[in-house]
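Single-structure report; data block below.
The values are calculated or read from the model by the stated rules, or taken from the named source; none is laboratory data. In this text the structure is predicted, and so the values were computed from the model without any measurement. A quick note on method: Cβ atoms are made from the backbone with ideal geometry, for glycine too, and the neighbour counts reach across all protein chains shown.
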Amino acid sequence: MTAGRLTPRARTLRHTSGLAEERVWSRLRAGAVDGWKVRRQHPVGRFVVDFACIPLRLVIEIDGGVHGRDDVVLNDHLRQQEIEALGWTVVRFTNEQALAEPQQIDAAIRAQARALGL
């Protein structure tokens, strides 16, 4: 599926995001972490990811409770492998982590920038 075909889905997801995603977005929008711009519900390959920092090729996923189910864990793993095969790094946080320790997300962005020498 091309990015253009995923755009309507991405728009829908932007309007139906949960509390944790909304809080993360309010924290990351407009380059709030060291100027790194992040996009919300952005197409990467054939998937729509929660957050993507294109210059860092970093995907940030915020996982709700359903992501603990065995079938969803397997699907997440396969999805992550496919995204990483495209040259992206994927980091995952639970809703609880995103709400209680949002600075971990900032740290992940900074760590990726350091790893790339930027």
Seminar exercise, completed: Per the filter on the stretch 45-95, residues surrounded by fewer than 13 Cβ atoms within 10 Å (Cβ to Cβ), outside any helix (DSSP H, G or I) and either in contact with an Asp or Glu (Cβ under 6 Å, 6 or more places away or on another chain) or modelled with pLDDT under 95 (or both) are 69
Exercise. With respect to the numbered conditions (1) surrounded by 12 or more Cβ atoms within 10 Å (Cβ to Cβ); (2) modelled with pLDDT of 95 or more; (3) among the basic types (Lys, Arg), which one is the sole condition not fulfilled by residue 114?
Worked result: (1)
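Take the residues in the stretch 97-113 that are without any contact (Cβ under 8 Å) to a residue 24 or more places away in the chain and part of a helix (DSSP H, G or I), then tell me which one is farthest from residue 54 (Cα to Cα). Walk me through it before giving the result.
Taking the stretch 97-113 and keeping what is without any contact (Cβ under 8 Å) to a residue 24 or more places away in the chain, we get 97, 100-101, 103-104, 107, 111.
Those still in the list that are part of a helix (DSSP H, G or I) too: 97, 100, 103-104, 107, 111.
Values: 97: 23, 100: 26, 103: 20, 104: 19, 107: 17, 111: 15 Å.
Out of the qualifying residues, it is 100.
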